[in-house]
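So the structure is just underneath, and the comments pick up after that.
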Amino acid sequence: MTKFTGIQVCAFDAYGTLFDVHAAAAALKGEIGPEADRMSAIWRQKQLEYTWLRSLIPSYKSFWDVTQDGLDFAMEECGLSGRKDLRQKLLDLYFKLAAYPEVPAMLKRLKDAGLKTAILSNGSMDMLDGAVDSAGIRDVLDAVLSVEDIGIFKPDPRIYKMVTDRFGLEDRGAVAFMSSNGWDAFSAAHYGFQVAWINRFERPVERLPGKPAAVLRDLTTLPDIVGA
């Protein structure tokens, strides 16, 4: 098993890593119908694409706005654009996304070992606050960091720098960073973090600079890797 050394802070991407981004559509599958899984996949893809494109244009607006834009595209693509009631229910559920089952115990183990823990996310702060409180993990997090403080989305290196700035670290290698998004994991490794790619969806390896030091199916064994 790969072992990280010298870790002081464990920072996590939020959506897809700690929280299930498809939980909203899954909860309303009966109302959405046979297009539920496809709609959810399109929603997530457009949500991500819009963050990248808005960073390049540049034309920043909040992740909450981007999330709504992605949903509108997905619903139209799947023939659901007239369902305003469904749209509102899906957006409301995004503030209450379920954490993956292993997350609370994993975070507690890191904290009990004396490590600092943080979320580093594209998410708007109100979205993150809702998800953190709904999952009941507030007391095992030292910081919740949102890109809205910078006004650009990951993988801009200024976003990863938020972690070292927040915890007063000069050594980027003292940060273990975990993301389920391959592009995020590779970019964070390129920045200098020790990275575990949480490949929940069994995706192929990205053709990008940087290389995660570990690839995990979920977060269950992370404490062993970071020395907790």
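The values are calculated or read from the model by the stated rules, or taken from the named source; none is laboratory data. This one's a predicted model, so the numbers in the text were calculated from it and none came from an experiment. Virtual Cβ from ideal backbone geometry, glycine too; neighbours counted across all protein chains shown. The area values use the complete protein model at the heavy-atom level, side chains included, leaving out ligands, DNA and RNA. Shrake-Rupley method; radii C 1.70, N 1.55, O 1.52, S 1.80 Å.
Summary of values
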read-out: Cα-based shape type of segment 117-178, given that a ≥ b ≥ c are square roots of the gyration tensor eigenvalues and the cut on a/c is 1.5; value: oblate
read-out: Cβ-placed point charges (K, R +1; D, E -1), dipole of segment 51-133 about Cα centre in debye, nearest 20; value: 260
read-out: Under 11 Å, Cβ to Cβ, from residue 123 - net charge with Lys/Arg +1 and Asp/Glu -1; value: -3
read-out: Extension reserve of the residue 3-residue 92 stretch, reckoned as 0.36 nm per residue once the Cα distance is removed; value: 28.1 nm
read-out: Extended-chain gain in nm, criterion 0.36 nm per residue less alpha-carbon gap, residue 84 and residue 167; value: 25.6 nm
read-out: All Cα pairs of segment 1-127, percent lying beyond 17 Å; value: 62
read-out: Value of D in µm² per second that Stokes-Einstein yields for segment 72-137, Kirkwood Rh from Cα pairs, at 4 °C (1.567 mPa s); value: 92
read-out: Convex hull projection area averaged over all views, segment 53-97, Cα basis, nm²; value: 3.7
read-out: Accessible-area value, residue 54, 1.4 Å probe, nucleic acids and ligands omitted, Å²; value: 60
read-out: Rounded tilt (10° steps) of 36-56 against the dominant C-alpha axis of the chain; value: 60
read-out: Rounded to whole Hz, the Karplus (6.51, -1.76, 1.60) HN-Hα couplings of segment 163-168, x for glycine and proline; value: 5, 5, 5, 4, 9, x
read-out: Debye intensity ratio in log₁₀ form over the Cα atoms of the chain, taken at each q of 0.15 Å⁻¹; value: -0.98
read-out: Point-charge dipole on Cβ atoms (K/R +1, D/E -1) for segment 1-83, about Cα centre, debye to 20; value: 280
read-out: 5 angstrom amide H check on residue 117, placed H, neighbours 5+ away; value: 10, 142, 143
read-out: Net charge dipole size for segment 76-180 [Lys, Arg +1 and Asp, Glu -1 on Cβ; Debye, nearest 20]; value: 180
read-out: Cut-off under 5 Å, modelled amide H: who pairs with residue 195 long-range; value: 177, 213, 214
read-out: Distance in nm between pseudo-label sites at residue 200 and residue 102 (7 Å out along the Cβ direction from Cα); value: 1.2
read-out: Rounded, prolate or oblate (a/c below 1.5 giving rounded, otherwise prolate when a/b exceeds b/c) for segment 156-228 by Cα gyration tensor; value: oblate
read-out: Per-residue SASA entry for residue 187, accessible area with 1.4 Å probe, Å² rounded to 10; value: 30
read-out: Estimated [θ] at 222 nm from DSSP helical runs (n ≥ 4, -39500 (n - 2.57)) normalised by residues in the chain, nearest 500; value: -13000 deg cm²/dmol
read-out: Stretchable slack from residue 138 to residue 52, in nm (0.36 nm times residue separation minus alpha-carbon distance); value: 28.1 nm
read-out: Distance from segment 34-55 to segment 106-152 (C-alpha centre basis), Å; value: 23
